[in-house]
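The next block holds one structure in the form of structure tokens; read it before the comments.
The values are calculated or read from the model by the stated rules, or taken from the named source; none is laboratory data. Worth saying up front: this structure is predicted, and the values here are computed from it rather than measured. Protein only, heavy atoms only, side chains kept; ligands, DNA and RNA dropped before computing areas. Shrake-Rupley method; radii C 1.70, N 1.55, O 1.52, S 1.80 Å.
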Amino acid sequence: MKYNRFEELPVWKAAIELAIGVFNLTARSMFRRYYSVRNQLERSAMSVSNNIAEGFERGTTQELLTFLYIARGSSGETRSALCLCEQLPGFGDLKFEISNLKSRAEEVSRQLRAWADSLQNSDVRGQRYLTNKTKQASKETRERQEFLKELEQIRNRKH
């Protein structure tokens, strides 16, 4: 599937959900004692979706890859801060919520890794490099592949 806007990306949506969950967690009163932890946790969680968006908007595959790895790092940073919270006094009642957020951060990391892996094996250099000629050639290749796939399906139905 081709996405035209970063807001359509499932991994961006998952990263936004992670950030919302983190902000809901840090709104709790026990975070008043740990301002720097709250601040760092919120910033790292926001950084995940922001880096996905920035990389997507850059227009080249290489820049997108760079920002996907930065986003993945921010997801790890969020998970690390959540691990710290589990160890801090006063957070015992939040272990379940923290554990769920860690799982979400890990899932976002997995999605980012899978996307990065697929991009590394791609010949597409990015939107910035596409000309009308290369767009047309890409469209023709895609249409040819779809046609051949349909022929194969028809052939398989006859046998």
Student exercise: in the chain, how many lysine pairs 8 or more apart or on different chains have Cα atoms under 22 Å apart? 9
If one compares the long axis through the Cα atoms of helix 95-120 with the longest principal axis of the Cα atoms of the chain, the angle in degrees, nearest 10, works out at 30
What does the C-alpha gyration tensor say about the overall shape of the chain? Classify as rounded when a/c is under 1.5, otherwise prolate if a/b is larger than b/c, or oblate. prolate
Roughly how many percent of the accessible protein surface of the chain is carbon and sulfur, given a 1.4 Å probe and a whole-percent answer? 50
Using the alpha carbon gyration tensor of the stretch 19-60, what are the three equivalent-ellipsoid semi-axes (square root of 5 times each eigenvalue), largest first, in whole Å? 28, 9, 4
On a full-extension model of 0.36 nm per residue, what is the gain between R32 and S118, subtracting their alpha-carbon distance, rounded to one decimal in nm? 26.8 nm
Could you work out [θ]222 nm for the chain from helices alone, using -39500 (n - 2.57) per DSSP H run of at least four and dividing by all its residues? Round to the nearest 500 deg cm²/dmol. -27000 deg cm²/dmol
Kindly express, to the nearest 10 degrees and within the range 0 to 90, the angle between helix 35-58's C-alpha long axis and the longest C-alpha principal axis of the chain. 10
Using Cα pairs under 8 angstrom and six or more residues apart, how large is the relative contact order of the chain, in percent? 24
Angle in degrees between helix 10-26 and the longest Cα principal axis of the chain, rounded to the nearest 10: 10
State in Å² the accessible area per residue of the chain; use a 1.4 Å probe, count heavy atoms of protein chains only, and round to the nearest integer. 66
